[in-house]
1. Evaluate the following for ALA212: is it in a helix (DSSP H, G or I) and at pLDDT below 95?
2. Residues that are modelled with pLDDT under 90, more than 22 Å from PHE61 (Cβ to Cβ) and open to solvent by 50 Å² or more (accessible area, probe 1.4 Å): does the range 158-180 have at least one?
3. Is the range 142-156 home to any residue that is on the phi > 0 side of the Ramachandran plot and either assigned to a helix (DSSP H, G or I) or out of contact with any Cys (no Cβ under 8 Å at 6 or more places or on another chain) (or both)?
4. Under the condition of being exposed (fewer than 15 other Cβ atoms within 10 Å of the Cβ) and either over 26 Å from the mean Cα position of the chain (by Cα) or farther than 16 Å from CYS169 by Cβ (or both), which residue from the range 28-41 is modelled with the highest pLDDT?
5. Of the numbered conditions (1) free of Cβ contacts under 8 Å to residues at least 24 places away in the same chain; (2) closer than 20 Å to LEU221 by Cα, ARG125 fails exactly one; give the number of that condition.
6. Being at pLDDT 95 or above and among the charged types (D, E, K, R) is true for just one of LYS99, LYS69, LYS78, LYS138. Which residue is that?
7. Could you run through the range 91-119 and say how many residues are over 22 Å from CYS132 (Cβ atoms), open to solvent by 60 Å² or more (accessible area, probe 1.4 Å) and either outside any loop (DSSP other than H, G, I, E, B) or not hydrophobic (A, V, I, L, M, F, W, C) (or both)?
8. I'd like to know if the range 269-289 contains one or more residues that are over 24 Å from ASN66 (Cα atoms), modelled with pLDDT of 95 or more and of a type outside the set (Ser, Thr, Tyr).
Amino acid sequence: GEKGIKRSCQTVLYWIPVIFITLIVAWSYYAYVVQLCIVVYLLAYHVVFILFTWAYWQTIFTKPMNPLKEFHLSYSDKELLEREDRGESQQEILRRIAKDLPIYTRTMSGAIRFCDRCQLVKPDRCHHCSVCDKCILKMDHHCPWVNNCVGFSNYKFFMLFLAYSLLYCIFITATDLQYFIKFWTNGLPDTQAKFHIMFLFFAASMFSVSLASLFVYHCWLVCKNRSTLEAVRAPAFRHGADKNGFSLGLSKNFRQVFGDEMRYWPFPVYSSLGDGCSFPTCLVNQDPEQPTSPGHNPPPNKA
């Protein structure tokens, strides 16, 4: 029906930015390898190119992680919640459900964070994505350039995608600069390669500026152990909002995203710490008898 047609059109539109980036990258490969063809640069170029495309692929196709089943309301709890029409009575039910869950954040008014669309108690740092129409663990933002939510499961891949795409553009700009200068001084023959060399320099330098600002911003977020959403609006705890509530220090904040094993840091393979449902915080003294996680969700294979 009409809803199916509308959904199909939306799906096509969501993939347009990804197709655009893919075409730009494919053209840049042709322009650099075929048209410019500087043999001494090609080895380094292909190393950066492979890491960049690998990280981009992982960011696009790694599914965002959703809350474990223990955070979802049971059938009886759903019925009980629907029968209550008073907000305070509903909060009493949610507090009873949440007392055995590792949840420390609240709404700005101090209430339990609850998603009425997914019918679950939200874990810390979890948010509902209106595009994906589901709750995403440690959601950072929904990125149209990868047609995916950036969250707990793929944030490391997104960071490496920004790093390697920036390195890719800087490398092209630096190695293409001398030939770009020759173009303006008429030092190049008037062939098809002349256009590719000129436009390749403009495209790479333009993307370098925008990627550099975005990469520096996300490096700052990693150092502070915040998501984009938490930078806009500080998470609220029982005592009130605190923008540094999840910050554990520079080293531990970095390892939250990239893991403890240094050999995995440069590669887009899963190595982040935790399960995405609970996070250590400098504001809460963990009760040793309280479970830190309602269940075990093994991380994806590093391979």
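The values are calculated or read from the model by the stated rules, or taken from the named source; none is laboratory data. Values in this document were obtained by computation on a predicted structure and should not be read as measured data. Here Cβ is always computed from backbone atoms with ideal geometry, including for glycine, and neighbour counts include all displayed protein chains. Quick note on the areas: whole protein, heavy atoms, side chains included, nothing else; ligands and nucleic acids left out. Shrake-Rupley method; radii C 1.70, N 1.55, O 1.52, S 1.80 Å.
1. no
2. Yes, the range 158-180 contains a residue that is modelled with pLDDT under 90, more than 22 Å from PHE61 (Cβ to Cβ) and open to solvent by 50 Å² or more (accessible area, probe 1.4 Å).
3. Yes: the range 142-156 contains one or more residues that are on the phi > 0 side of the Ramachandran plot and either assigned to a helix (DSSP H, G or I) or out of contact with any Cys (no Cβ under 8 Å at 6 or more places or on another chain) (or both).
4. Looking at the filtered set, the residue picked out is TYR30.
5. (1)
6. LYS138
7. 6
8. No, because not a single residue in the range 269-289 is over 24 Å from ASN66 (Cα atoms), modelled with pLDDT of 95 or more and of a type outside the set (Ser, Thr, Tyr).
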